[in-house]
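I have placed the structure first, in the form of C-alpha cells, so that the comments after it can refer back to it.
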Amino acid sequence: MSQFDVVIIGAGAAGLMCAAQAGYRGRSVAVLDMGKKPGRKILISGGGRCNFTNEGASPSNYLCGNPHFVKSCLSRYTQHDFIELVDRHGLAYHHKTLGQLFCDNSAQDIVDILTTECNWAGVQIFLRNEVLSVQAKEQGGYIITTNEQTFECESLVVASGGLTMPKLGATPIGYKIAEQFGLKVLPTMAALVPFTLHDHDKVRFDGLSGVSIPCEVSSECGTQFKENILFTHRGLSGPAILQISSFWRAGQTVTINLLPELSLSEAIHQWRTESASKSLKNALGAILPKRFVEVLITEQAIPDKALNQLTHSEIDAIANYLHNWQIKPNGTEGYRTAEVTLGGVDTDELSSKTFEAKKQKGLYFIGEVTDVTGWLGGYNFQYAWSCGFAAGQVV
C-alpha cells in the first residue's frame, strides 16, 4: 500500500493545480488518473489552443445553486494570479475579444506548466490508474483502490470532472463518491453545447451548414448573449448558442435578434427613399447571409416584394420577425460535444473556503464535479485554478 498525505483523483486542471499547491506546502501528494496522459481535456480545449482564463472573470459569470459560493476562491486566486504564473513560465499567448486568453502555440503548453509545477513540488502522478473503490478509515483518512494498486491518505480530493466528452474517459465516479458519503448531488445535464433541431426545422435550414450570423440570443429566463450563431448539419451552434444552452431547458423557446445593431424598421424606410424599386431580398442580403434570406423568402417568412410595395404593417412585421426570430430546439448534442456538465455535487455540502465536505472530514470536491458552471470564454478554467488553489492550501 502506497501512503501519501494527499491523494487527488483526476489529473485535470483543478486536480493538477491543487496537487502543486499542496506539494509546495510540504505535503506528499499522489494524483491518480485513468488516462494515458494528464490534462486530456485541457489539450483539446479552445481548438487545441486552450482558452485558459478570462480577464474579466467574476462571480457573475458562473451558474451555481448558491451564487455566493464562488466568491471566496475567485477572490483569493484571480485570473491575474494565473496570468502571472504563465508569464513566469514564458507562455506565449494572445488576447481575443471579450477578455479571452489563448495559447499562441498549443494547449500542451498549459499542461506542461502544470506538470512542471507538480514536478517541482514533488507530486507523483499515477496514470492508467482507474479508481475502483474508496473507503474511509475508522481512525481517519482514506483507502483508495485502483486497478493497479492501493493508496492510503489523510486527505482525499475528488477532481474527477463531469460527464462531458466520454471519449476522454469521463465517468460518474466523483458523484458516486459524494453519494457514498451522504452528500447531495444535483441533477446533471450537458451545458455549453450545440442545439439539435426538430425535423421540420432541419428541412427548412438544409443547406445553411456553415452560415454564421452575429446575433443577440435570449433565453426564456431573460439571459442574453451577443455573439455569433452557426448553422450546422445537425442544428445550431456558435458561441451565442453554446452560452444560452446553459440556461435553456427542454421545451423552451430561444429568441434570436438577427440584427441587434440595427433598427430594421428605420433601415427599411431609409432604403425606400434611396432605392424604392430594390427588392427586400436584395436589401436584406446586404446585411444578412444571402442563403439565409433566401430560406426566409422561400418559407414565406418575409414577403418577396420590392421595398416600395411594402405596407407599414408589413415593415413592422418584418422587423419584429427578424429582431425576435424564435426557434424551439429539439434538444442538445449531449455530453459527447458539451464543454461542461451543469449540476453535480451540491455546493451547500462544501466549505466555500476549503472545498471540504461539511459532513466528512478530509474529503474535498473541486472543479467540474461540483455544481459550478462558468460561461464560455475561459471562465471554467479560471474556476479550476481558483478552487484548486484554495483546496491546495489546506489539504
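The values are calculated or read from the model by the stated rules, or taken from the named source; none is laboratory data. On a predicted model such as this, the values are computed, not experimentally measured, just so you know. Cβ: placed from backbone, ideal geometry, glycine included. Neighbour counts: every protein chain shown. Areas reflect the complete protein model, heavy atoms only, side chains present, ligands, DNA and RNA absent. Shrake-Rupley method; radii C 1.70, N 1.55, O 1.52, S 1.80 Å.
Packing, taken as the mean count of other beta carbons within 10 Å per residue, orders the peptides 236-245, 293-302 from highest to lowest as 236-245, 293-302.
Take the alpha-carbon centre of the stretch 107-147, take the same for the stretch 178-224, and report the distance between them in whole Å. If we compute the Cα centre of each part, the gap is 33 Å. Partner lysines whose Cα lies under 24 Å from the Cα of Lys290, excluding those fewer than 8 positions away in the same chain, are identified as Lys202, Lys226, Lys278, Lys281, Lys305, Lys328. Placing unit charges on the Cβ atoms only, positive for Lys and Arg and negative for Asp and Glu, gives the chain a dipole magnitude near 320 debye about its Cα centre.
Report, to the nearest whole %, how much of the accessible area of the chain belongs to carbon and sulfur atoms, 1.4 Å probe, protein only. Result for the chain: 48 percent of the exposed heavy-atom area is carbon or sulfur.
Measuring nothing but alpha carbons in the stretch 1-146 and taking Rh as the Kirkwood radius, the Rg to Rh ratio lands at 1.00.
If you take all other residues with their beta carbon under 13 Å from the beta carbon of Gly334, and give Lys and Arg +1 and Asp and Glu -1, the sum is +1. With helices as the sole contributors, the chain gives -8500 deg cm²/dmol at 222 nm; each DSSP H run of n ≥ 4 counts as -39500 (n - 2.57), and the sum is divided by every residue.
Cross-link partners of Lys361 among lysines, defined as those whose alpha carbon lies under 26 angstrom from its own and excluding same-chain residues fewer than eight positions apart: Lys71, Lys137, Lys176, Lys184, Lys353. The lysines whose alpha-carbon is closer than 19 Å to the alpha-carbon of Lys36, local same-chain residues fewer than 8 away aside, are Lys167. Within the stretch 12-133, DSSP assigns beta bridges of which about 65% are antiparallel (rounded to the nearest 5).
Taking a sphere under 14 Å around the Cβ of Asn324 and counting the other residues whose Cβ falls inside, with K and R at +1 and D and E at -1, yields a net charge of -2.
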